[in-house]
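Heads up: the structure comes next, in structure tokens.
Every read-out reported here was derived from the displayed coordinates using simple, explicitly stated rules and does not represent laboratory data. Treat the numbers as computed from the prediction; the structure is a model and nothing was measured. When we count neighbours, we look across all protein chains shown, and the Cβ atoms used for this are built from the backbone with ideal geometry, even at glycine.
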Amino acid sequence: MVSKVDVAVIGAGPAGLAAAISARERGAERVIIIERAERLGGLLPQCVHNGFGLLYFEKDMTGPEYEKAFVDKANSLKVEFMLETMVIDLNEEGMLTVVNRQQGYKKIKPGAIVLAMGCRERPRGALGIPGERPAGIFTAGTCQRFVNVEGFMPGSRYVVLGSGDIGMIMARRLTLEGAKVEAVVEIMPWPGGLIRNEVQCLHDFGIRLLLEHTITFIHGKRRIKGVTVAKVDRDLRPIKGTERFFPCDCLLISAGLIPENELSKKAGIELDLVTGGPVVDQNRQTSVPGIFAGGNVVQVHDLVDWVSWEAELAGAAAASYADKGKIKRADQIRMVAGENIKYVVPQYISGKDDVTLHLRVSRPGLRANLKVGNILSKRFRSVRPSEMIILDIKAEKLRDARTLKELVVDCKLEGGD
Amino acid sequence: MRERSKSLWLIASSREVIKVSRREIVICIGCPMGCRVTVTLGKDGSVTTLKGAECRQGQKYVLNELKNPLRTLTATVRTVDEDFPLLPVRSSRPVPKTLLQPIMRETARIRIKTPVQAGDVVARNVQGSKADLLATTDWSGPGGEG
């Protein structure tokens, strides 16, 4: 049996909730969120720290508070939920195959789909660290769930590999809970997360941040006993003679997030090799008409506020697609990442409307000059790969670019690294 | 004058400042710039020079950080529910950095036995900080749906 809904949203995290709310507000009758977990909110319930909502609500909220604001709104708008339901297939025609305990195997053909699957943590296996295979190695987010939701500490002495935001936040959390964090080890010359986390999570508690260092060996037969840490050279290769041993009973990995796009691949959606997410236009429509995407499934954001913002775009566009059966593709101009730019999202814009670009630089530096083709240039006193740049462009600025096929974004560093 | 001597006392009373007493580096978190601000302090703990802050707000932030650094504390407290063992909480206002650990020790003793709603006070005036601990989510009580 095939059920009929206007907009189906895959994932009930911050992106899914915002997309569903936005779709309902734009007039979609039946909006359903499909979520594999037993509850809503995605990762928000375990993010007990504050720093959420500063842009969206202009209020400093914790993860659970931010979640509640969206869940309450979704409920008041009569968004429907299918919990403990796994989407096992999505095809080019936009047909979803889902399974759950109550209904078994079920097909859904919605008027439009929003992908809001978020992202996953890069695990140990993807890093290729030499050493033993002992117990006690977790991703930072898994440890966060243990400590903040399930109520146990997986160890008492920690080393954190990678200085992503979750890793730094966990270093603080574990210290406050009485554990010892020996070091946060980062292979790059700059921290992977936000400055505020470096200061308030590491400096506040005297936790060592070892930049340009990596783990060269994991010790321990049954349980991890410690790690060997070495300095790396410019090519990120460990330097002989710089090895140091750090004892620990837990190793946390906070080495990046990867958009989760297994379903997108099944539907044949074109993916961007740099972001790891679907190639989208300014309405967040993917290469498959009627399938939209927003939040960390598209690009890994620094702030949940932007996840909500992006998912709202996708939800609104999905609602009008469901209503009209199509939506004009905004793929007239391709955005190209030029000098010192890692990526630009959206990858395509129409050139006719105001647009907001999200982009990241490849290298940090002072006095940066950001240029979008020759239609816009903006100076930044400082740029960092870990801080996403948000750039608003007015439609009238794009008028001259409309005849172009592509716009190159460059970010020259004038003050050096 | 009184205001000034009070602030000097706060600077002098902050343990970290005494430790370094001559020179302090504070990283501003006001914007992605992350200015490293170098502050030198006189013998009485007063600020003599402040270098490296690109803006006025940064200078203000740095002076506050030296005087009385405040942080919002977020944590969890235990409930009596096996299926929902932890209730997330936050301080109702930022608390002095030096009180973070003492407040954590106080939260470790709390057990929540009855339903709470987000915003409910879980503990009042923790460690004399004038901040209360507030629940940040709802809990429908033992045996409820969490």
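Across the cross-link table entries A:Lys225/B:Lys97; A:Lys109/A:Lys326; A:Lys78/A:Lys266; A:Lys371/B:Lys60, which are compared at the Cα atoms, the separations over 22 Å belong to A:Lys225/B:Lys97; A:Lys78/A:Lys266; A:Lys371/B:Lys60. Averaged over the residues of peptide B:66-74, the number of Cβ atoms from other protein chains lying within 10 Å of each residue's Cβ is 3. Listed peptides A:305-316, A:125-136, A:171-182 appear in the order A:305-316, A:171-182, A:125-136 once ranked by packing, highest mean of other Cβ atoms within 10 Å at the front.
Mind jotting down the distance between the C-alpha centroids of the stretch A:329-370 and the stretch A:1-50, whole Å? Here the answer is 28 Å between Cα centres.
How crowded by other chains is A:58-70, given as the mean number of beta carbons from other chains within 10 Å of each beta carbon? Mind dumping the intermediate values first?
On the way: counts 0, 0, 3, 2, 9, 4, 10, 8, 1, 3, 6, 1, 0.
Average neighbour count from other chains, rounded to a whole number: 4.
Contact order for chain A, expressed relative to its length and based on alpha carbon pairs under 8 Å spaced 6+ residues apart, stands at 16 percent. For chain A, the square roots of the Cα gyration tensor eigenvalues, ordered a ≥ b ≥ c, give a/c of at least 1.5 with a/b no greater than b/c, which places it in the oblate category. Cross-link reach is defined here as a Cα-Cα straight distance under 19 Å, omitting same-chain residues fewer than 8 places apart; for A:Lys240 the aspartates and glutamates meeting it are A:Glu186, A:Glu212. Which of these, A:Gln200, A:Gln46, A:Gln285, has the largest mean-square fluctuation under a Gaussian network model of chain A (Cα springs below 10 Å)? With Cα springs under 10 Å in chain A, the top fluctuation among A:Gln200, A:Gln46, A:Gln285 is at A:Gln200. Comparing A:Leu54, A:Leu202, A:Leu252 in a Gaussian network model of chain A, where Cα atoms under 10 Å apart are tied by springs, the biggest mean-square fluctuation is seen for A:Leu54.
Helix A:304-324 and the long axis of chain A differ in direction by around 20°, with both axes built from C-alpha atoms. The trypsin sites (Lys or Arg not before Pro) found in the stretch A:4-57 that occupy coil by DSSP, while having at most 14 further C-beta atoms within 10 Å, are A:Lys4. Please find, in a Gaussian network model of chain A (springs between Cα atoms separated by less than 10 Å), the residue of A:Arg284, A:Arg329, A:Arg234 whose mean-square fluctuation is greatest. Taking springs between Cα atoms under 10 Å, the residue moving most is A:Arg234.
Among the GluC sites (Glu not before Pro) found in the stretch B:37-146, those both in a DSSP coil and sparsely packed, with 13 or fewer other Cβ atoms within 10 Å of their Cβ, are B:Glu82, B:Glu145.
Counting Cβ atoms of other protein chains within 10 Å of each residue's Cβ and taking the mean over peptide A:44-50 gives 5.
Within the stretch B:39-146, the trypsin sites (Lys or Arg not before Pro) that combine a DSSP coil assignment with at most 11 other C-beta atoms in a 10 angstrom radius are B:Lys43, B:Arg109, B:Lys113, B:Arg124. Where a Cα-Cα gap under 17 Å defines reach, which aspartates and glutamates qualify for A:Lys342, not counting those fewer than 8 residues away within the same chain? Straight-line reach from A:Lys342, under 17 Å: A:Asp272, A:Asp302, A:Glu387, A:Glu406, A:Asp410, A:Asp417.
Coordinate range of the alpha-carbon atoms in the stretch B:74-135 per principal axis, descending: 33, 20, 14 Å.
Could you tally the net charge around A:Val147, taking each other residue with its Cβ under 13 Å from the Cβ of A:Val147, Lys/Arg +1 and Asp/Glu -1?
In short, +2.
Estimated purely from DSSP H runs of n ≥ 4, each contributing -39500 (n - 2.57), the mean residue ellipticity at 222 nm for the protein assembly as shown is -6000 deg cm²/dmol once divided by its residues. Distance from the Cα centre of the stretch A:138-200 to that of the stretch A:99-130, in angstrom? Distance between centres, Cα-based: 25 Å.
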